Amino acid sequence: MDLERTKLPGIGLQHVMTTARGRQLGVISHRTGRRDLVIYDKEDPDSCIATVALTVEEANAIAELLGTGRVLEHLAELQRQVGGLNTEQLPITPGSPYDGRTLGDTRARTRTSASIVAVVRQDRIIPSPTPDFTFAPGDTVVVVGTAEGTTAVARILTDG
């Protein structure tokens, strides 16, 4: 299987996958958060035969259905592209002050300017958790921000 990634200036990124049967499928990730699923013509790979525009929520739902673990890869790529941006994966351990408490209780963004962008629970990724999301032991919290900000979130999750 081939996977090509192309920057689309002013738009975002395009990922095109060629399946074992020679079909090309693509995802255009717009800077606005919108995603377009694209199916290319088998005879003319430069021509699109179908496009489906997805909201952020719809794209996240499809990603979850497909069992993707690529959220963390995309964050790592973003970190490489943007100097000074740090990504950390922080565990919620049994006995953590936030074991059984909500994301909103941490006030992490207000206190640190870093953002909790996802939570990995067992083999499931919960992208963009809402303030009422409740942490559980074994969760891995994905934090994006400056080095100081992500370190501060780690202290919050371990010390309160």
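Brief remarks on what is shown
- Close Cβ contacts (under 6 Å, 6 or more residues apart or on different chains) running from residues in segment 99-118 that are at positive phi to residues that are at pLDDT 90 or above and not polar (S, T, N, Q) comprise Ser113/Gly149.
- Residue match in segment 124-142 (condition: modelled with pLDDT of 90 or more, among the aliphatic types (A, V, I, L, M) and more than 21 Å from Val27 (Cα to Cα)): yes
The values are calculated or read from the model by the stated rules, or taken from the named source; none is laboratory data. Quick caveat: nothing in here was measured; it's all calculated off a predicted structure. We place every Cβ from the backbone using ideal geometry, glycine too, and count neighbours over all the protein chains shown.
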